[in-house]
1. When the residues of the range 96-121 are narrowed to those that are surrounded by fewer than 21 Cβ atoms within 10 Å (Cβ to Cβ) and under 14 Å from the mean Cα position of the chain (by Cα), which ends up farthest from ASP282 (Cα to Cα)?
2. May I ask you to say which residue of LYS172, LYS180 is of a type in the set (D, E, K, R) and touching a residue at least 60 places away in the same chain (Cβ under 8 Å)?
3. Test LYS109 against the criterion of being closer than 30 Å to GLU279 by Cβ, at pLDDT 95 or above, of a type in the set (Lys, Arg) and in contact with a strand residue (DSSP E or B) (Cβ under 6 Å, 6 or more places away or on another chain), and give yes or no.
4. Of all residues being under 16 Å from TYR115 (Cα atoms) and in contact with a helix residue (DSSP H, G or I) (Cβ under 8 Å, 6 or more places away or on another chain) in the range 154-182, which is surrounded by the most Cβ atoms within 10 Å (Cβ to Cβ)? Just the residue, please.
5. If ASN297 satisfies every condition in (1) within 27 Å of ASN36 (Cα to Cα); (2) within 23 Å of the chain's Cα centre (by Cα) but one, which is the exception?
6. How do the pairs read when you match residues in the range 54-74 that are assigned by TED's automatic domain parsing to the domain that holds VAL148 and within 21 Å of LEU146 (Cβ to Cβ) with residues anywhere that are at pLDDT below 95 and not basic (Lys, Arg), using Cβ under 9 Å and keeping only pairs 6 or more apart or on different chains?
7. List the helices (runs of 4 or more DSSP H) that sit entirely inside the range 80-195 and contain at least 2 residues that are closer than 30 Å to ILE66 by Cα.
8. Can you tell me which residue among GLU279, GLU234 is out of contact with any strand residue (DSSP E or B) (no Cβ under 8 Å at 6 or more places or on another chain) and among the acidic types (Asp, Glu)?
Amino acid sequence: MNKKILFFSIIALASFFAGILIFTSTNSESVIIIKNRKHQMPGYAIYTENGDILYVDDIISIKKSILGNTIVNTDSFKVYNPIGIIETPPQESIMSIYNKVLDFLNNDKKVLIIYIDGLGYDLYNKSIEMGYVPYISSMGTAVKALTVYPTITDVTFASMVTGTTPLHTGIKSREKKLLKVHTIFDKAAEIGKTSKVIEGNMQIIIDEVETILNIDENNNGTIDDEIYKRALEEIQDPPDILLVHFHSYDDFAHKYGPSSGKALSQLNVLDSYVKELVERFDGDVIIASDHGMHDDNEVGGLHGAFCEEDLFIPIITMENRI
């Protein structure tokens, strides 16, 4: 081997093993950056490849090494191969729901969590403008919040009820696994409070909370009317935490598209369900989604991507109702 080539090869390897990376570019094209249109919190939220979200004040540079690694240099540390970045992220996230519920419990309040699967923040605002959610929109302004990645129900639901990221929950896909951390239902039990979850035809996360499953008894193509009926029964003597998970908007949005007339009409049906449940419930209320959805010309609607439509969700809180 030519001595000159050998010399530079040795230098390159030594630099690599010493932690000195050689870069081929200094632009941000190698990582997705979403600029939050409404400034809410200075800085950045960096989604890491191991399932965490890291908040930083400043990003110094984004570079790519000759080995193909993307390196984000922040004012505090380096992040390797991030999934994506949110610039000026919302102050709240899906994980905020855990602490909201815990605060209610600590103040001896019962809480109703109405979980509308698949409803993104922008789509929710569009549905307000079009008149599909008259009751929910009357409950107060929705807070714009981040969800976790990947934006699929098993992953996002786990973060909703644990208050932490997929890195810590251990739930990073649809594969059924035991949670690595305790849920808000576990915390409730520790302080002598009760919990129930009203679900579709399967349990989403493996947990000891009492979960009431439902099937499409009338064969009308959705389980949500059965879920609603069971929720009305439970509200007569509710536990301290009652979580009601509606699936039909997500189902219709997958089939027809999230902004389709059929999906929005089903959202209007859910709005009527929410009205009846909230008006009969004696306690505080949280309305939230787990992820949004984006249009796909071939299949209707999809989620699971690192995009604005999937990552931003609405959270509405009604407090001091007793």
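The values are calculated or read from the model by the stated rules, or taken from the named source; none is laboratory data. Note that the structure is predicted; figures quoted are calculated from it, not measured. Cβ sites come from the backbone with ideal geometry, for glycine too, and all protein chains shown count toward neighbours.
1. SER96
2. Values: LYS180 fails: touching a residue at least 60 places away in the same chain (Cβ under 8 Å).
Answer to the selection: LYS172.
3. On the way: closer than 30 Å to GLU279 by Cβ: yes; at pLDDT 95 or above: yes; of a type in the set (Lys, Arg): yes; in contact with a strand residue (DSSP E or B) (Cβ under 6 Å, 6 or more places away or on another chain): yes.
Against the criterion (closer than 30 Å to GLU279 by Cβ, at pLDDT 95 or above, of a type in the set (Lys, Arg) and in contact with a strand residue (DSSP E or B) (Cβ under 6 Å, 6 or more places away or on another chain)), LYS109 qualifies.
4. Of the residues in the range 154-182, the ones under 16 Å from TYR115 (Cα atoms) are 154-163.
Okay, now just the ones that are also in contact with a helix residue (DSSP H, G or I) (Cβ under 8 Å, 6 or more places away or on another chain), so 155, 158-163.
Details: VAL155: 25, ALA158: 29, SER159: 27, MET160: 29, VAL161: 31, THR162: 27, GLY163: 23.
My answer is VAL161.
5. Against the list (1) within 27 Å of ASN36 (Cα to Cα); (2) within 23 Å of the chain's Cα centre (by Cα), ASN297 comes up short only on (2).
6. Matching pairs, first to second residue: none at all.
7. Working: elements: 96-106, 121-129, 134-138, 153-162, 166-169, 184-190.
Per the criteria, 166-169.
8. Values: GLU234 fails: out of contact with any strand residue (DSSP E or B) (no Cβ under 8 Å at 6 or more places or on another chain).
After ruling out the rest, the residue left standing is GLU279.
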